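Right, one structure below, let's go through it.
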Amino acid sequence: MSIVFQKPESLTEKTTIFCPGCSHGIIHRLVGEALDELELRETAVGVAPVGCAVLLYEYFRTDIVEAPHGRAPALATGIKRVRPDLTVFSYQGDGDLASIGMGEIMHAANRGEMITVIFVNNANYGMTGGQMAPTTLPGQRTTTTPTGRDCAAHGSPFRMAEIMGALEPVVYSARVSAATPAKIMKAKRAIKKAFQNQKDKKGFSFVEVLSTCPTNWGMTPLDAVQFVEKDMEAYYPLGVFKDADGGDK
Amino acid sequence: MIFESVMAGFGGQGILSAGMMLAHIASHKGLNVTWFPSYGAEQRGGTANCTVVISDLEIGSPIVTAPAYGLIMNMPSFNKFQPRFRKGAKAVLDTTLVDPSAVTRTDVEFYGLSAGDIARDLGNVKVANMVMIGGLLAVSGLFTLDEAVIELPNALSKKHHDLIPLNEQALSKGFSEIKKIN
Amino acid sequence: MSKKVLMKGNEAIAEASIRAGLAGYFGYPITPQNEFTSYMSYHMPAKGRAFVQAESEVAAINMVYGAAATGCRVMTSSSSPGIALMQEAISYMCGAEVPAVIVNIMRGGPGLGNIGPSQGDYNQATRGGGNGDYKMIVYAPSTVQEAVDLTYNAFDVADKYKIPVFILGDGALGQMAEPVLLPEEKPEMKGDQGWGLSGAKGRDPRAVMSLRLAEGELRKHNWDLVSKFEKITEAETKYELTDTDYDVLIAAFGTSARVAKTAIRQLKEQGIKAALFRPITICPFPYAALAEAAKKAKKVLVAEMNTGQMLFDVKVAVEGAVPVEFMGCPGGESFSPEEITAKIKEMQG
């Protein structure tokens with residue numbers, strides 16, 4: 001009898017406590033598969049954010065350190081600089097990476113730190129109950145933008161994959177979506193590439209994953225998937241914004 | 001024995017290096033020494049000063065409020081420190097920039113050296129600080145000229161080692177040409 | 001001939017750290033500790049070790065946290081406003097129990113204050129400037145040599161107890177040059193020490209974190225931290241008492257203590273018997289030793305370059321056994337030995 005499907009070795013047997021329809025579980029799995037396929041589990045150190053992914057150490061069968069809010073790229077820098085032999089990745093949400101941690105991500109990227117950053121963009125603060133994030137769409141309602149995000153008052157959403165791609169030392173920046181199976185397969189390839197780059201000592205790699213948050217969006221999981229495809233992908237175009245290997249644009 | 005001194009002048013005159021020179025000699029001789037500079041914004045164009053304390057005993061305060069010895073290389077520093085010297089203190093003034101007629105304390109011994117002119121005659125105005133150190137050694141009897149000369153390679157950074165003979169001349173000129181003012 | 005070398009405090013502490021086997025330094029410029037970062041920027045890469053000039057003190061301390069989580073020997077240095085910015089991560093490090101050495105070359109505050117030598121961060125260092133229940137070991141060196149010796153040893157102490165250790169100096173200590181005897185050079189300390197993050201090869205994964213969600217888990221953890229600090233208090237508390245026969249006891253730390261030593265010499269010449277009680281660890285504070293020493297005095301004078309911070313600990317130790325008086329010098333300035341002498345004469349009435 002042959003095994004056709006099983007959990008990646010890089011993930012634990014624990015069942016996640018993410019909400020029904022949330023993309024975090026899928027993205028965890030994609031990272032786990034990438035680590036497995038590249039045989040990086042035994043050298044991997046993950047840096048957990050503050051936010052819904054704070055329990056990274058429950059779900060990954062790798063070493064994990066938990067960062068203060070937004071500081072994951074600084075911790076990752078410290079780890080990689082003293083232990084360049086380790087595979088270091090941060091896994092961060094939009095509030096963590098693009099709001100409180102904007103300074104740390106910009107400078108880690110601009111130093112070309114040899115790390116992999118997985119950025120989960122679900123357009124709101126999930127764990128604290130659905131407040132406006134720096135990536136909340138114009139007009140989108142959250143608990144702190146009850147009449148919808150007014151860009152004149154709150155500024156415009158950051159397109160992080162484009163921003164990262166514009167920095168000289170970044171070797172790879174892509175935006176993918178966790179909305180449909182086909183897109184998830186593409187997301188997997190981007191995440192794997194981002195780890196392959198680290199394995200090949202190429203430099204800083206960044207993958208933004210557009211993700212659902214049905215609970216805080218007040219939607220069914222199916223409606224949430226549609227919101228990602230119709231609304232988020234319209235503001236946040238999918239694609240590769242930088243690939244030092246000259247890969248597909 | 002305790003030697004508590006202040007060195008002061010403009011930034012760029014080599015005040016801090018002059019203090020370091022004394023500190024190196026003291027350290028080399030196994031004495032305790034503290035060198036404490038004014039630091040920060042003051043180093044940019046304003047006055048620079050440092051205190052040097054040398055003793056064969058444990059040194060308490062590195063901060064000197066009433067110095068027993070002084071090395072003064074400009075007028076603002078002279079105005080600042082003249083009132084602070086303790087009774088019986090000895091101070092060397094660079095008379096190229098400090099007007100000896102401004103001396104009012106009669107309970108402090110002031111000595112003069114036109115260190116700037118001497119240094120210029122030697123061919124490099126930057127060694128004025130070493131001329132002054134030569135004078136201070138003569139006045140204080142703290143160290144001999146030879147003890148200072150053998151310390152030059154440690155006190156000067158490697159890139160300035162070609163200037164060791166010039167610095168030696170400066171020390172010796174200062175040592176021999178020092179004159180009492182009051 | 002002496003084997004001592006003449007070094008500025010900042011550079012001497014940096015060199016002692018490298019000799020202690022430092023694997024990584026992460027810092028951000030701030031006066032009066034700038035020579036520290038500059039020294040590291042040259043000497044760490046020259047040895048093939050990690051040096052990063054971070055984009056902020058916040059980033060610097062988080063780089064330290066990440067690197068410390070691997071078990072490698074790492075540090076940062078800063079001055080008062082920069083240390084204030086680091087408090088968040090320091091709280092995390094204490095919660096997560098990772099070792100590191102943090103040097104604070106204090107300047108005048110509050111706010112931007114000035115760059116003069118100050119002791120205004122005593123409370124911040126000894127009470128924990130971050131959130132939650134935690135304490136750190138805080139050394140307050142008084143001379144450049146002592147700063148070198150304490151720093152060299154601080155890395156071992158940090159590793160032994162898995163706790164951040166502070167070196168609390170001030171601008172005078174950082175900027176001053178004194179002859180120092182440097183310790184022997186140890187090899188770079190890069191191992192995971194049996195607990196650090198080094199990749200889960202042939203073992204269970206490890207997590208370094210301060211998050212403790214299970215019911216009762218954080219409560220137990222906080223009490224465990226208290227037990228650990230009791231052991232530290234017992235084994236690591238350090239102080240200096242300069243005499244056995246005195247009428248006045250001066251309690252002072254760091255640069256203030258040096259100034260007090262000169263004052264004590266001046267007082268002796270005038271027939272007044274004074275001694276210095278100098279906490280070398282201001283946390284754990286030597287309460288018991290001070291209580292004992294204070295009993296022999298008629299009066300205690302606390303002298304600090306702040307408006308009265310250690311004063312509280314001295315009063316707790318003395319417990320009203322003898323009167324405790326205070327003289328302070330805040331604002332990035334230091335008092336002179338003469339001022340202390342005058343104060344003690346005034347106290348003697």
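Summary of values
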quantity	calculated
Gyration tensor verdict on region B:20-90 (Cα atoms; rounded if a/c is under 1.5, prolate if a/b is larger than b/c, oblate otherwise)	oblate
Rule-of-thumb Rg ratio for chain C [Cα; 2.2 N^0.38 Å; N residues]	1.00
Other protein chain Cβ atoms within 10 Å, averaged over every residue that makes up C:150-161	0
By average C-beta atoms within 10 angstrom, highest first, the peptides C:303-314, A:76-87	A:76-87, C:303-314
For region C:183-259 and region A:165-192, distance of Cα centres in Å	43
Given charges at beta-carbon only (K, R positive; D, E negative), |dipole| of the protein assembly as shown in Debye	300
Sequence-separation-based contact order of region B:2-180, relative, with Cα cut under 8 Å and 6+ spacing, percent	21
Zone of C:His221's modelled label, taken as backbone nitrogen in region C:73-97 under 13 Å from a point 7 Å along Cα→Cβ	C:91-97
Size of electric dipole in region C:5-236: Cβ of Lys, Arg +1 and of Asp, Glu -1, about Cα centre, debye, nearest 20	500
Debye intensity ratio in log₁₀ form over the Cα atoms of region C:239-348, taken at each q of 0.11, 0.18, 0.19, 0.22 Å⁻¹	-0.28, -0.78, -0.88, -1.22
D_trans [Stokes-Einstein, Kirkwood Rh over alpha-carbon pairs] for chain B, 37 °C, 0.692 mPa s, µm² s⁻¹	206
FRET efficiency estimate (nearest 0.05) - Cβ-Cβ, B:Arg86 to C:Thr307, R0 30 angstrom	0.50
Inter-probe distance in nm under a simple model that places probes 7 Å from Cα toward Cβ, at C:Asp247 and A:Thr180	9.4
Candidates B:Thr104, B:Thr95, B:Thr65: whichever shows maximal mean-square fluctuation once chain B is modelled as a Gaussian network with Cα springs under 10 Å	B:Thr104
Value at 222 nm in deg cm²/dmol, rounded to 500, when DSSP H runs of n ≥ 4 in chain C each add -39,500 (n - 2.57)	-13000 deg cm²/dmol
Residue (of C:Pro110, C:Tyr161, C:Pro29) at the positive-pole extreme of chain C, dipole from beta-carbon charges	C:Tyr161
Calculated FRET value between C:Lys298 and B:Arg105, using beta carbons and R₀ = 51 Å, to 0.05	0.80
Shape category assigned to region C:104-258 from the gyration tensor of Cα positions, a/c cut at 1.5	prolate
Lysine pair number, Cα distance threshold 24 Å (strictly under), region C:5-236, separation 8 or more or different chains	23
The protein assembly as shown: Cα Rg divided by the 2.2 N^0.38 Å rule of thumb	1.12
Estimated 222 nm signal from helices in chain A, with DSSP H stretches of n ≥ 4 weighted -39500 (n - 2.57), rounded to 500	-8500 deg cm²/dmol
B:Asn182-C:Tyr42 FRET efficiency (beta carbon distance; Förster radius 51 Å; 0.05 resolution)	0.60
Whole-Å semi-axes of region A:144-207's equivalent ellipsoid (Cα gyration tensor)	29, 18, 7
Leading residue at positive end of dipole, region C:120-220 (Cβ point charges), from C:Val148, C:Gly191, C:Gly171	C:Gly191
Dipole magnitude of region C:239-348, debye to nearest 20 (Cβ charges: Lys/Arg +1, Asp/Glu -1, about Cα centre)	200
Percentage relative contact order, region C:5-236, counting C-alpha pairs under 8 Å, at least six apart	26
Value of relative contact order over region C:239-348, rounded to a whole percent, pairs C-alpha under 8 Å and six or more apart	31
Neighbouring partner chain Cβ atoms per residue of C:175-188, average, 10 Å criterion	4
Evaluated over chain A, the Cα radius of gyration and Dmax, each in Å	16.8, 61
Residues of type lysines that A:Lys242 reaches as a straight line, Cα spacing below 21 Å, ignoring anything fewer than 8 places off in the same chain	A:Lys183, A:Lys186, A:Lys188, A:Lys192, A:Lys193, A:Lys199, A:Lys201, A:Lys202
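Every number here is computed from the coordinates shown, using simple stated rules; none is lab data. Because the structure is predicted, anything quoted here is derived from the model rather than measured. When we count neighbours, we look across all protein chains shown, and the Cβ atoms used for this are built from the backbone with ideal geometry, even at glycine.
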